[in-house]
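Enquirer: Sharing a structure here in structure tokens format.
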Amino acid sequence: PNQQKTVFISYRRKVNLDLAERIRDHLQKLGYDVFLDIKSLRSGKWKKNILEQLAGRFHFLLLLEKGTLNRCKDPNDFLLREIKSALIKDRNIIPILVDGYSIDKAGKHL
């Protein structure tokens, strides 16, 4: 597949799952190869598999709304690991701001 048309969607499951699924469906209709972990990974080495998927995707969509980054204060938080991995791998990071969330608020958690 065209590397430019690959997407990894990162989200906080309890906060953004419905929106993440709608974005995935829309991007797939536009011809993008989209990874969203909810149906792709159920058992085994899921953390390793997620990070491998992230490494193989050009775009990193990060859904942000109130509560999304609260647990990122914990260095073991997996969403934080995804964000750091996207930065290290130099992915095209696209924040999706939901319900009036602002980037100013995001910096307080990272």
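Enquirer: Only one of (1) modelled with pLDDT under 90; (2) open to solvent by 20 Å² or more (accessible area, probe 1.4 Å) is not met by residue 24, so which one is it?
Expert: Going through the list (1) modelled with pLDDT under 90; (2) open to solvent by 20 Å² or more (accessible area, probe 1.4 Å), residue 24 breaks only (1).
Enquirer: While we're looking at this one, here's another question. List pairs: first in segment 56-74 and at pLDDT 95 or above, second open to solvent by 30 Å² or more (accessible area, probe 1.4 Å) and in a helix (DSSP H, G or I), Cβ under 6 Å, 6+ apart or cross-chain?
Expert: 58/3; 58/4
Enquirer: So residue 41 fits all but one of (1) out of contact with any Pro (no Cβ under 9 Å at 6 or more places or on another chain); (2) at pLDDT 95 or above; (3) open to solvent by less than 50 Å² (accessible area, probe 1.4 Å); what number is the exception?
Expert: Of everything listed in (1) out of contact with any Pro (no Cβ under 9 Å at 6 or more places or on another chain); (2) at pLDDT 95 or above; (3) open to solvent by less than 50 Å² (accessible area, probe 1.4 Å), residue 41 misses just condition (2).
Enquirer: Can you tell me which residues in segment 15-38 are of a type in the set (Asp, Glu) and within 12 Å of the chain's Cα centre (by Cα)?
Expert: Scanning segment 15-38 gives 21, 37.
Enquirer: Continuing with this model, one more query. Here is a list of conditions, (1) more than 12 Å from the chain's Cα centre (by Cα); (2) of a type in the set (Gly, Ala, Ser); (3) in a helix (DSSP H, G or I), and residue 86 meets all of them except one; can you say which number that is?
Expert: (1)
Enquirer: Right, next: Every residue in segment 27-38 that is charged (D, E, K, R), at pLDDT 90 or above and in a helix (DSSP H, G or I), please. Spell out the reasoning first.
Expert: Going through segment 27-38, the residues charged (D, E, K, R) turn out to be 29, 33, 37.
Within this subset, residues satisfying the condition of being at pLDDT 90 or above are 29, 33.
Selection gives 29 alone.
The values are calculated or read from the model by the stated rules, or taken from the named source; none is laboratory data. Remember, predicted model here, so these are calculated numbers, not experimental data. Positions of Cβ are backbone-derived with ideal geometry, glycine not excepted, and every protein chain shown enters the neighbour counts. Note: accessible area is taken over every heavy atom of the protein model, side chains too, but ligands, DNA and RNA are not part of it. Shrake-Rupley method; radii C 1.70, N 1.55, O 1.52, S 1.80 Å.
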